[in-house]
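Read the structure below first, then the notes.
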Amino acid sequence: MKHRIAGLLAMAGMLLVVLLASAFGSDSPSHRVHQHQTARQPDAGCDCDGSELCTHLPLVIIDTGGQEMPGEPILNDRQQEVGYTTAADGSDMISATISVISDDSRNHHPSDEPDQESSILIRIRGNSSRYFSKKNYRIKLVSDSGDGSARDLPLLGMNPENDWALHGPFLDKTLLRNYMWMNLSAEIMGYAPDVRFCEVILDGEYLGVYLLMETIKEDDYRVNLSDYEDGSSETSYLLRMDAIEDGNSINDYMQYTFKMEFSVPQENPLQIISSSGIQVLYPQLEYQTPEVIDYIQRDVSRVERGLYSSDMVSGSYDYASELDVDSFVDYYILQEFLVNNDAFSRSTYFYRDVRGRLTIGPVWDYNNVLNNFFRSFSYNRLYLPNRGWYGQLMKDEQFVQQVLDRYDQLRETYLSDEYLVSYVEDTIAYLGPAVERNDQVWGFSYDPTQLDSFQRHTPRDGETLEEINPGSYEEAVEGMVEFMLNRAHWLDENIDSLQQYCHPSKTATQWVE
């Protein structure tokens, strides 16, 4: 693979220099930090004696005092998930401390003085990832006073906040997907959660390479919305479409007309199949009065009724006055390009400032994209034009044309073969020896026979475990890059077929409620 990629880069080198200089000019966001381009590199060197871990990556050290980490799945006698473990006092998080060693002027060692320290609350997080051997964690920084009040810190050079996620790539053997595509999504869409690679030590145990990630919430540095005014029914809001838990979804038009996207049966026998729903993340729970929920339900439902009305087919519904169309165009292209099966079903976010239009995003959870799901996907078909609201938007010729024009533009810039391959190679070079250290802990996962069915890819007819589960880091990267380029080239030839969804021969004969 290395020689093939190197050859591609050599042939495209001169073109790429010109391409990036012209196409990524003054309109490109300048605030996004791509860690692999700016941080300390693996060849920076260190004069330590080698008696302990020495890394150019930031170190995150967590000490729970030996407590059991809450958040492990609880299964009933039918091996169905019925809840999660809690702390001894019944709470869903435990108190711990975090130390961050991240000074880019030197390599980092566990014995170094921390650059940042804080008390934290921590638990295991995720859906299917809770079943992985390498856990993901939710972290909330709190005051050292013990009163539980939030504490904002700019961890690893990101904007100050108290709510963070530690993502431990396990199913994604490349370690790259969330890092790469959060960064590129930010360049394309304007904001996506910021991310930084690090290595993690938990209670003295080295856990390998992790990605510290911003969570999605309303905040000046994240999704910045007008503040909620206590007592007001009109409000800005932030929503998440995900699996329904404890009936906590709003009763919007798509929900009560049964048009909401439903989850499909998973290969993981431990997951209960449940429907999707829209949950309110902002305003916060204490402000979610019946009046506020009613306002949000009616606001979302008004948009949905318009999209599903005959006016949408006739072209008389002005959806652009309600939706931030650019966000829906960019989101569709990214999710279709990456074959993200969660799009408009799981981990899908929306927000609306009380003064603005309904926007889709920010993006979240790219761990399973580019054929890294529990079951295999093909690169040579369209997956999302009928998913959720897109099934209605694709009936509009102008929307489809905007998707096609934007796709062509992105294929010359952030989604070009040259840029994507270079990004992969440069990020791997940045990780350097950390990949091998990670494999020393988790390398057993390259043998699929050592993994339960919900920790690996499941073969379909004609496939074998070994064929669809990479046997090494190099195989994992090669498989991802091959699928990515095949997907791009297939879309180049076939994305114009989206025009079938807005053609009069299709829309004129459809019965619309």
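Roughly speaking, what is the centre-to-centre gap between region 316-395 and region 188-222 when only Cα atoms are used, to the nearest Å?
Using only Cα atoms to place each centre, the spacing works out to 23 Å.
Size of the dipole of region 407-454 about the Cα centre, Lys and Arg at +1 and Asp and Glu at -1 on the beta carbon, nothing else charged, in debye to 20?
Details: 2 positive and 10 negative charges, 36 e Å.
Computed charge dipole of region 407-454: roughly 180 debye.
If the chain between Ser143 and Leu75 were fully stretched, how many nm would it gain, using 0.36 nm times the residue separation less the Cα-Cα distance? Numbers along the way, then the final one.
Details: separation 68, 0.36 × 68 = 24.48 nm, distance 3.46 nm.
Length gained between Ser143 and Leu75: 21.0 nm.
Could you give log10 I(q)/I(0) at q = 0.11, 0.12 Å⁻¹ for region 415-513, computed by the Debye formula over C-alpha point scatterers of equal weight, without solvent?
Those come out to -0.57, -0.64, one per q.
Which FRET efficiency value, to the nearest 0.05, is calculated for Ser314 and Asp405 with the Förster distance at 25 angstrom and r the Cβ-Cβ distance? Let's see the in-between values first.
Values: r = 23 Å, r/R0 = 0.94.
Once rounded, the FRET efficiency stands at 0.60.
Considering the values (1) 70, 55, 47; (2) 129, 52, 51; (3) 74, 60, 52, which represents Cα extents along the principal axes in Å as calculated for the structure under consideration?
Structure-derived value, by its label: (3).
Extension gain Ala44-Glu475, at 0.36 nm per residue separation less the Cα-Cα distance, in nm?
Working: separation 431, 0.36 × 431 = 155.16 nm, distance 2.77 nm.
Here the answer is 152.4 nm.
Please go through region 115-194 and write out the trypsin sites (Lys or Arg not before Pro) that DSSP classes as loop and that have at most 10 other C-beta atoms within 10 Å. Each step should come with its number before you reach the end.
Numbers: sites: Arg123, Arg125, Arg130, Lys134, Lys135, Arg138, Lys140, Arg151, Lys173, Arg177; in loops: Lys134, Lys135, Arg151, Lys173.
Those that pass, being in a loop and sparsely packed, number zero.
Check cross-link reach from Lys135 to the lysines: straight Cα distance under 20 Å, and skip same-chain residues fewer than eight apart.
Lys173
What lysines could a cross-link reach from Lys506, if we take a straight Cα to Cα line under 19 Å and drop same-chain neighbours fewer than 8 places away?
Of all the lysines, those that pass the test against Lys506 - Cα under 19 Å, at least 8 places apart if same chain - are Lys395.
In whole angstrom, note down how far apart the Cα centers of region 41-71 and region 116-159 are.
Each part's Cα centre sits 17 Å from the other's.
Label Gln116 and Glu52 with points 7 Å out from Cα along Cα→Cβ: what is the distance between them in nm?
For the pair Gln116/Glu52, the computed spacing is 2.1 nm.
In region 134-226, what percentage of the DSSP-assigned beta bridges are antiparallel, given to the nearest 5? Mind dumping the intermediate values first?
Working: 18 of 19 bridges.
Roughly 95 percent of the beta bridges in region 134-226 run antiparallel, per DSSP.
Would you mind calculating the relative contact order of the chain from Cα pairs under 8 angstrom and at least 6 residues apart, reporting the percent as a whole number?
Details: 850 pairs, mean separation 75.6, N = 513.
Worked out over the chain, it gives 15 percent.
About the Cα centre, and with charges only on the beta carbon of Lys, Arg (+1) and Asp, Glu (-1), how big is the dipole of the chain? Nearest 20 debye, please.
Dipole magnitude for the chain comes out near 1220 debye.
The numbers here are math on the coordinates, done by the rules we state, and not lab data. Quick caveat, the model's predicted, so the values are computed rather than measured. Glycine gets a Cβ as well: all are built from the backbone with ideal geometry, and neighbour counts include every protein chain shown.
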